Amino acid sequence: MFVCFVCSVYAQTEQVSTTTTLPAHPRLLMLKGEEKALVKKIKKDAYWKELQANLVAECDTIIDLPALQRIKTGRRLLSVSREALRRIFDLSYAYRTTGQKKYAQRAEQEMLACANFTDWNPSHFLDVAEMSMALSIGYDWLYGYLSPASRQTIREAIIEKGIKQSFKQSYLKGKNNWNQVCNAGITFGCLATFEDCKELAVERINTAFNSLPISMKEYAPDGAYPEGPGYWSYGTSFNVLFIAAIEKALGSDFGLLQKPGFLATGMYSQAQITPAGYNFNYSDNGSGAGFKPEIFWFYSKTKDPALLYMQKYIYENKGAKSMMKNRILPLALIYGAGSGASLANPEVPSSLMWTGKGLAPVAFMRSAWTPDATYLGFKLGSTKAGHAHLDEGSFIFEADGIRWAYDFGSENYNALETKGVTLWGSAPGSQRWDVFRYRTQSHNTLTFNDKSMLVGEYAALDDFGNKDGVMYAMSDLSAMYKDQIPSVKRAVSLVDGKYAVIQDQFTTNGQFTKVTWNMLTAADKVTFTGDTTALLEKDGKRLYLRVDASMPVRMFTKDLTPTNTYDSPNTEGQFIRFEADLKLNATQHVTVYLMPNDDMSNVKAPYRF
């Protein structure tokens, strides 16, 4: 009965049937013989040649590792599944591009070990999805090498421990990365084993075709991803793998490439990287910006050389060896070298400002696409986005390679869960909103009477532009604080590519209201040089901060000591804050100037509310 219910809900469109014919193995991502043309292209480009050599060398290292075991971390097997995908994908790729059987032999050993696990931890279905993809790539790519007995063992594992476990899973209705990852993993399994479970495979593939667009709607209208840059890479890379697999095996993308915002999202991923090479790590995202193989698939579709600019920067600054833990690294070679992309002379992006709306609007501004540029990022949206924090109106500012205003970003999920924290509730009053790094008070935004902003409300990108040397973005934040103050607006600007201006406008009622302005800074030293000025210092660099306000302010610093025993320690930087008592029944303004390595005598407030 449940299977029929799933069919009736999701299989409105049938793209495949039991009469569908698939190419012979291998059919996932690269058909039989296509590796030969790829290798020729790799040899003609110094970057791809170096990456290929490092990937093959990494496979020699993998050969000496013991096979994976079913060892969970907390409630997850995900780290094992991810390592299986890395090893099997790399080894299978090395076999196909070098012809050396030692790589196929080691991949077979890994697949058989994983196939013999009792299960792939279906209670946390990402684990199943990634393991299914891992074994499916190996099964398909090494089909001609594997013995009949190995094929049977691996095939049965994909079907029984992967595909059949996908029924009764909630990811089908999800708007987040779970939808993308799980649909991709199960579809890889169905395509790999199609001949041996046609009815099941057809049902699951058609279900995926109707489920995946739910999450792809989140890229509309212009490519901003609600879950932030790290989860962008996770969800988008598997979305890319899904499309790449069906295009190769079924000969069509079935309209998925036309989904609003999807092909534009590659530039979102690049524009959010700061000049110093960090992510704008809002929500549950880390600050480390890594090499992104999926970007080369976007290049293959758009031929936009600007997509390659930051990838070259990361490649040259971190080196090819730093990429070896990326579990989908072969994708960079298949679609980078395969599409003729070259990191030798990528095009500098033409725009210094990128904005995106949707569920989590953002604005990224920079003075140039060079490592010494200044950068201002602005984040809006709602806690309805996956992995959200209470951070609407938050900003980051980077200059001279220093993150003068930054974000904590991610927490350690397993550490919190082990301590009994109920982390995944998102309703008002959920324990998630008590976590130190997720609270309003820990972000570069505003609080009123020491209360957090409201859960579930939305802050839009209401105005933005780039004119007369000023890049700016503005949001009416009133909904976030409607239980505390009638009206709040914030504008952020990057002026002449030199300094940042943060402007706030408050309209009060007849109730007492105290506002607290907060900025998390990586500065080692903060010196208050007056009642409304401060000097921030780090690594021999300076930032001057000045507050212009229509009311007296009280400036101070605060350490990063967490408020709960379960919170992770915070070791870098400090909060710089000021408080002010707002006048009753009045509209008032606060303007904060952030100027690197200069005095504050000739600055201007560029935005007019």
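The values are calculated or read from the model by the stated rules, or taken from the named source; none is laboratory data. No experiment lies behind these values; they were computed from the predicted model shown. Ideal geometry is used to build each Cβ from the backbone, glycine not excepted, and the neighbour counts take in all protein chains shown. Ligands, DNA and RNA are stripped out before the accessible areas are found, and what is left, the full protein with its side chains, is counted by its heavy atoms. Shrake-Rupley method; radii C 1.70, N 1.55, O 1.52, S 1.80 Å.
Rundown of residues vs (1) part of a loop (DSSP other than H, G, I, E, B); (2) open to solvent by less than 10 Å² (accessible area, probe 1.4 Å); (3) free of Cβ contacts under 8 Å to residues at least 24 places away in the same chain, yes/no style:
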site	(1), (2), (3)
A337	no, yes, no
E347	yes, no, no
D372	yes, no, no
L376	no, yes, no
E392	yes, yes, no
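Contact list please: Cβ distance under 8 Å, first residue in the stretch 24-35 and within 12 Å of G338 (Cβ to Cβ), second residue hydroxyl-bearing (S, T, Y) and open to solvent by less than 30 Å² (accessible area, probe 1.4 Å), pairs at least six apart or on different chains.
So the pair list comes out as E35/T97.
Quick check on the stretch 297-313. Is at least one of its residues closer than 21 Å to P229 by Cα and outside any helix (DSSP H, G or I)?
Checked against the condition, which is being closer than 21 Å to P229 by Cα and outside any helix (DSSP H, G or I), the stretch 297-313 yields at least one hit.
For the stretch 352-370, enumerate the residues that are touching a strand residue (DSSP E or B) at 6+ places or on another chain (Cβ under 8 Å) and surrounded by fewer than 18 Cβ atoms within 10 Å (Cβ to Cβ).
M353
From (1) part of a loop (DSSP other than H, G, I, E, B); (2) open to solvent by 70 Å² or more (accessible area, probe 1.4 Å); (3) touching a residue at least 12 places away in the same chain (Cβ under 8 Å); (4) under 26 Å from Q109 (Cβ atoms), pick out the condition that doesn't hold for P66.
(3)
L560 fails exactly one of the following numbered conditions: (1) over 19 Å from S394 (Cα atoms); (2) modelled with pLDDT of 95 or more; (3) in a loop (DSSP other than H, G, I, E, B); (4) not β-branched (V, I, T). What is the number of that condition?
(1)
Out of L308, L256, I need the residue that is touching a helix residue (DSSP H, G or I) at 6+ places or on another chain (Cβ under 8 Å), of a type in the set (A, V, I, L, M) and free of Cβ contacts under 8 Å to residues at least 40 places away in the same chain. Which one?
Selected residue: L308, the only one of L308, L256 that is touching a helix residue (DSSP H, G or I) at 6+ places or on another chain (Cβ under 8 Å), of a type in the set (A, V, I, L, M) and free of Cβ contacts under 8 Å to residues at least 40 places away in the same chain.
Being crowded, with 19+ Cβ neighbours inside 10 Å and either at pLDDT below 95 or part of a loop (DSSP other than H, G, I, E, B) (or both) is the filter here; which residues of the stretch 128-160 pass it?
Hits for the stretch 128-160 are L142, L146.
Among the helices (runs of 4 or more DSSP H) lying completely within the stretch 161-264, list those that include at least 3 residues that are open to solvent by 10 Å² or more (accessible area, probe 1.4 Å) and modelled with pLDDT of 95 or more.
Helices (runs of 4 or more DSSP H) meeting the threshold: 198-216, 229-250.
With S132, S92 as the choices, which residue is polar (S, T, N, Q) and closer than 18 Å to Q180 by Cα?
S132
Could you give every pair whose Cβ atoms fall below 6 Å, whose first residue belongs to the stretch 117-137 and is within 21 Å of G74 (Cβ to Cβ), and whose second residue is polar (S, T, N, Q) and surrounded by fewer than 24 Cβ atoms within 10 Å (Cβ to Cβ), counting only separations of at least 6 or pairs across chains?
So the pair list comes out as P122/Q165; F125/Q169; D127/N121; V128/Q165.
Given the conditions (1) within 27 Å of the chain's Cα centre (by Cα); (2) of a type in the set (G, A, S); (3) surrounded by fewer than 21 Cβ atoms within 10 Å (Cβ to Cβ); (4) closer than 21 Å to S136 by Cβ, which single one is not true for A24?
Going through the list (1) within 27 Å of the chain's Cα centre (by Cα); (2) of a type in the set (G, A, S); (3) surrounded by fewer than 21 Cβ atoms within 10 Å (Cβ to Cβ); (4) closer than 21 Å to S136 by Cβ, A24 breaks only (1).
Any residue at all in the stretch 347-366 that is at pLDDT below 95 and hydroxyl-bearing (S, T, Y)?
yes
So in the stretch 92-125, with the set limited to residues that are among the polar types (S, T, N, Q) and open to solvent by 30 Å² or more (accessible area, probe 1.4 Å), which one is nearest to G174 (Cα to Cα)?
Step by step, filter the stretch 92-125, then rank; the result is S123.
Results for (1) open to solvent by less than 80 Å² (accessible area, probe 1.4 Å); (2) farther than 14 Å from Q503 by Cβ; (3) among the β-branched types (V, I, T), shown as yes or no for each residue.
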residue: F556; (1), (2), (3): yes, yes, no
residue: T561; (1), (2), (3): no, yes, yes
residue: E579; (1), (2), (3): yes, yes, no
residue: N602; (1), (2), (3): no, yes, no
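Check off (1) in a loop (DSSP other than H, G, I, E, B); (2) open to solvent by 80 Å² or more (accessible area, probe 1.4 Å) for T529 and give me the number that stays unchecked.
The number of the failed condition is (1).
Take T274 and decide whether it is buried (at least 22 other Cβ atoms within 10 Å of the Cβ), in contact with a strand residue (DSSP E or B) (Cβ under 8 Å, 6 or more places away or on another chain), under 29 Å from K379 (Cα atoms) and at pLDDT 95 or above.
Yes, satisfied.
This table checks each residue for (1) within 25 Å of L380 (Cα to Cα); (2) at pLDDT below 95; (3) out of contact with any helix residue (DSSP H, G or I) (no Cβ under 8 Å at 6 or more places or on another chain); (4) of a type in the set (V, I, T).
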| position | (1), (2), (3), (4) |
| --- | --- |
| K482 | yes, no, yes, no |
| V495 | yes, no, yes, yes |
| M519 | yes, no, yes, no |
| V526 | no, no, yes, yes |
| T533 | no, no, yes, yes |
| R542 | no, no, yes, no |
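What's the total number of residues in the stretch 269-296 that are among the aromatic types (F, W, Y) and part of a loop (DSSP other than H, G, I, E, B)?
3
Would you mind listing the strands (runs of 3 or more DSSP E) fully within the stretch 400-484 where at least 2 residues are touching a residue at least 40 places away in the same chain (Cβ under 8 Å) and open to solvent by 30 Å² or more (accessible area, probe 1.4 Å)?
463-467
Output the number of the condition that I314 fails; it satisfies all remaining conditions of (1) within 21 Å of F89 (Cβ to Cβ); (2) among the β-branched types (V, I, T); (3) open to solvent by 30 Å² or more (accessible area, probe 1.4 Å).
That leaves (3) as the condition not met.
Criterion first (farther than 21 Å from K321 by Cα, aromatic (F, W, Y) and modelled with pLDDT of 95 or more) does F125 satisfy it?
yes
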